[in-house]
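**Student:** One structure is given below, represented as structure tokens, and several questions about it will come after.
Any read-out appearing in this document is the output of simple, stated calculations on the displayed coordinates, not a laboratory observation. Since this is a predicted model, take the numbers as computed values, not measurements. Using ideal geometry, Cβ is built from the backbone for each residue, glycine included, and neighbour counts are taken over all protein chains shown.
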């Protein structure tokens, strides 16, 4: 189901809790909501649809890729950039890493490990920041 985008900074600054299999519908709602906003959004965290769970979805070409409870385990190639967010107005500076490794659960709640670089790595880092209440 397509959900409204949360724009309340107070809510967005709250930390997210680990997701469980009981949150499977949140994964689907997040996919539907990102798909409905693809012309202006390439990634989304669950708190952006009002759910404080550690779930993100990232657009990788034509595919929408969910990551449940993702944790960055390795990062390299620090750089400075600017980002925007569907939940916030404007563009803000931030620090990102060109290459990251991530442990996460897939949409079937099976453990996965992935290596990502460049723009996809940047999107994942931005969305994981949402879990900690970090607003760029």
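**Student:** Identify which of 92, 13, 107 has the largest mean-square fluctuation in a Gaussian network model of the chain, with springs joining Cα atoms closer than 10 Å.
**Tutor:** 92
**Student:** I've got another one for you. Have a look at 119, 11, 63 and tell me which one the Gaussian network model of the chain (Cα, springs below 10 Å) gives the largest fluctuation.
**Tutor:** Maximum among the listed residues: 63.
**Student:** While we're on this one: If R0 is 22 Å, what FRET efficiency do you get for residue 72 and residue 20 from their C-beta distance, rounded to 0.05? Kindly include the intermediate steps, with their values, before the conclusion.
**Tutor:** Details: r = 21 Å, r/R0 = 0.95.
About 0.60, to the nearest 0.05.
**Student:** Moving on to the next point. Please give the calculated 222 nm ellipticity per residue for the chain, where each DSSP H segment of at least 4 residues contributes -39500 (n - 2.57) and the sum is spread over every residue; nearest 500 deg cm²/dmol? Numbers along the way, then the final one.
**Tutor:** Details: 3 runs with 31 residues, N = 136.
Dividing the helical sum by the residues of the chain leaves -7000 deg cm²/dmol.
**Student:** Take the chain, connect every pair of alpha-carbon atoms lying under 10 Å apart with a spring to form a Gaussian network, then pick out the residue of 72, 124, 49 with the largest mean-square fluctuation.
**Tutor:** Sorting by GNM fluctuation, first place goes to 72.
**Student:** Using the alpha carbons of the range 49-136, what is the convex hull volume per residue in cubic angstrom, as a whole number?
**Tutor:** On the way: hull volume 8.9 nm³, N = 88.
Taking the convex hull of the Cα positions in the range 49-136, it is 101 Å³ per residue.
**Student:** For a Förster distance of 25 Å, can you work out the FRET efficiency between the beta-carbons of residue 132 and residue 98, rounded to the nearest 0.05? Let's see the in-between values first.
**Tutor:** Numbers: r = 21 Å, r/R0 = 0.84.
According to the calculation, E is roughly 0.75.
**Student:** Between residue 91 and residue 38, what is the label-to-label distance in nm when each label sits 7 Å out along the Cα-to-Cβ direction?
**Tutor:** About 2.5 nm, to one decimal.
**Student:** Please report the relative contact order for the chain, taking Cα pairs under 8 Å with a sequence separation of at least 6, and give it as a percent rounded to a whole number.
**Tutor:** Numbers: 278 pairs, mean separation 36.8, N = 136.
Relative contact order comes out at 27 percent.
**Student:** Here's something else I'd like to know. Given labels modelled 7 Å from the Cα in the Cβ direction, how far is it in nm from residue 80 to residue 7?
**Tutor:** Going by the 7 Å Cα→Cβ label model, 3.0 nm.
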